[in-house]
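Before any comments, here is the structure.
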Amino acid sequence: MDLNYKDIQLQFQGFLNTPQLWKNDDVFGLDQISLPLVPDFIFNEPLPNNLRLGKRVERFVGAELKRHNSITICCENVQIQKEKTTLGELDCILKFEETPVHLEIVYKFYLYDPKRNGNALEHWIGPNKRDSLVKKLNKLKTKQLPLLYNPYTESMLEALNLHVEDIKQQVYFKAQLFLPYKCDTNDLAELNPNCVSGFYIHFEALKHFKDCKFYIPNKYNWLIEPINLVDWMNYILFEETMQIFFEKKSAPLCWVKFKNGEIKKCFVVWWNYT
């Protein structure tokens, strides 16, 4: 994977510009941390070549937190062990204006599936239907946040001179949301409408985009806000490439450049939603 310096800065800026998925404790009672704005700055920390996207975002969050004079990071990515078994990992413990905070970090891409049953939150799923917003919220509520109170976490907290009853729990949950093409749903429930980042279409609907040009960013660059200076594909080559993804039941994120020069993010999915 190309870890080009320019790409990393664009990824970092894309992360910073992604809004939080909700405010306060509006969703599932999970409390979003509210961070003061910081001026733009350069991310200059080393990134291992094989670091998956979620871990890369955690590095970006760490860099952002360090810019706040009111925040001190106590520890990051601490694995909690029971003998030789890993029970889980605490993303971050920090002090925010001297209040200790256990912070769980999430960055996701969700698509609105109008065919799914349930309440508004249950319509949001991962691009390949293996993930969902409600599934992640439940995991935070029942597994990730309760790990702080596990007896095997106690020795780590003691080493930091922290008492579990004094620690506040919050999440830092950012997401990009995608709606079906030409769908302006108001069914966002408590979610932040500013998180809507583009649209999605089924593979068979590509014929409606024959006048467009296309680009397929690598997964790290899913964070990036689309730019014009890339190697655009014509429709024929793009359709052939998407056929391969379709046969593998894989939904890639793409950029679509319309005739008027406008560029949009778009997932091309293999599953039906109409």
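All other residues with a Cβ under 14 Å from the Cβ of GLN81 taken together, and with Lys, Arg as +1 and Asp, Glu as -1, what is their net charge? Provide the component values of the computation, followed by the final result.
Values: positive: LYS82, LYS84; negative: GLU83, GLU89, GLU154.
The answer is -1.
So, R0 is 41 Å and r is the distance between the beta-carbons of LYS207 and GLN9; what FRET efficiency does that work out to, to 0.05?
The value I calculate is 0.65.
Wrap a convex hull around the Cα atoms of region 18-75, take a quarter of its surface area, and give that in square nanometres. Could you put the intermediate results ahead of the total?
Numbers: hull surface 21.7 nm².
If I average the Cα hull's projected area over directions, I get 5.4 nm².
Label-point separation (nm) for PHE258 and GLU97, each offset 7 Å from Cα along Cα-to-Cβ?
Taking the simple label geometry, PHE258 and GLU97 are separated by 4.3 nm.
Can you flag which of LYS55/LYS248; LYS66/LYS139; LYS129/LYS249; LYS66/LYS168; LYS82/LYS135 are past 21 Å Cα-Cα?
Beyond 21 Å: LYS55/LYS248; LYS66/LYS139; LYS82/LYS135.
Cα centroids of region 12-61 and region 156-180: how far apart, whole angstrom?
Going from one Cα centre to the other spans 12 Å.
Dipole of the chain (Lys/Arg Cβ +1, Asp/Glu Cβ -1, origin at the Cα centre): which of GLY261, ILE244, LEU229 lies farthest to the positive side?
Looking along the dipole axis, the top candidate is ILE244.
Whenever you get a sec, line up PHE12, PHE246 from highest to lowest accessible area (probe 1.4 Å, protein heavy atoms).
Descending order: PHE246, PHE12.
Which shape class applies to region 1-119: rounded if a/c is under 1.5, otherwise prolate when a/b exceeds b/c and oblate if not, where a ≥ b ≥ c are the square roots of the Cα gyration tensor eigenvalues?
Judged from the Cα gyration tensor, region 1-119 comes out rounded (a/c under 1.5).
Out of every Cα-Cα pair in region 157-204, what percent are more than 12 Å apart?
Across region 157-204, Cα pairs with separations above 12 Å total 74 percent.
What is the magnitude of the charge dipole of the chain about its Cα centre, with +1 placed on the Cβ of each Lys and Arg, -1 on the Cβ of each Asp and Glu, and no other charges, expressed in debye to the nearest 20?
I would put it at about 940 debye.
Relative to the longest principal axis of the chain, what angle (0 to 90°, nearest 10) does the C-alpha long axis of helix 235-247 take?
For 235-247 against the chain, the angle is about 50 degrees.
With both bridge residues required to lie in region 55-191, what share of the DSSP beta bridges run antiparallel, to the nearest 5%?
60
Evaluated at 25 °C with a viscosity of 0.890 mPa s, what Stokes-Einstein diffusion coefficient in µm²/s does the chain have when Rh comes from the Kirkwood expression over alpha-carbon pairs? Can you show the working numbers first?
Details: Rh = 20.3 Å.
Here the translational diffusion coefficient equals 121 µm²/s.
Which percent, nearest 5, of DSSP beta bridges in the chain are antiparallel?
Antiparallel bridges make up about 60 percent of those DSSP assigns within the chain.
Averaged over all directions, how much area does the convex hull of the C-alpha atoms of region 101-192 cover when projected, in nm²?
Mean projected area of the Cα convex hull: 7.3 nm².
Report the percentage of all Cα-Cα pairs in region 209-269 whose separation exceeds 12 Å, rounded to a whole percent.
66
Probe radius 1.4 Å, ligands and nucleic acids left out: which of ASP187, ASP91, ASP40 has the largest accessible area, and how do the rest follow?
Sorted by accessible area, descending: ASP40, ASP187, ASP91.
Given the whole protein assembly as supplied and a 1.4 Å probe, what does the accessible area of THR241 come to in Å², nearest 10?
About 30 Å², rounded to the nearest 10.
More than 22 Å apart: what percent of Cα pairs in region 123-274 qualify? Each step should come with its number before you reach the end.
On the way: 6057 of 11476 pairs.
Pairs farther apart than 22 Å: 53 percent.
Within 10 Å, Cβ to Cβ, of SER197, how many net charges do the neighbouring residues add up to if Lys/Arg are +1 and Asp/Glu are -1?
Combined, the nearby Lys, Arg, Asp and Glu give +1.
The values are calculated or read from the model by the stated rules, or taken from the named source; none is laboratory data. Values in this document were obtained by computation on a predicted structure and should not be read as measured data. Heads up, the Cβs are rebuilt from the backbone with ideal geometry, glycines too, and the neighbour counts pull from every protein chain shown. What goes into the accessible areas is simple: the full protein's heavy atoms, side chains included, and nothing from ligands, DNA or RNA. Shrake-Rupley method; radii C 1.70, N 1.55, O 1.52, S 1.80 Å.
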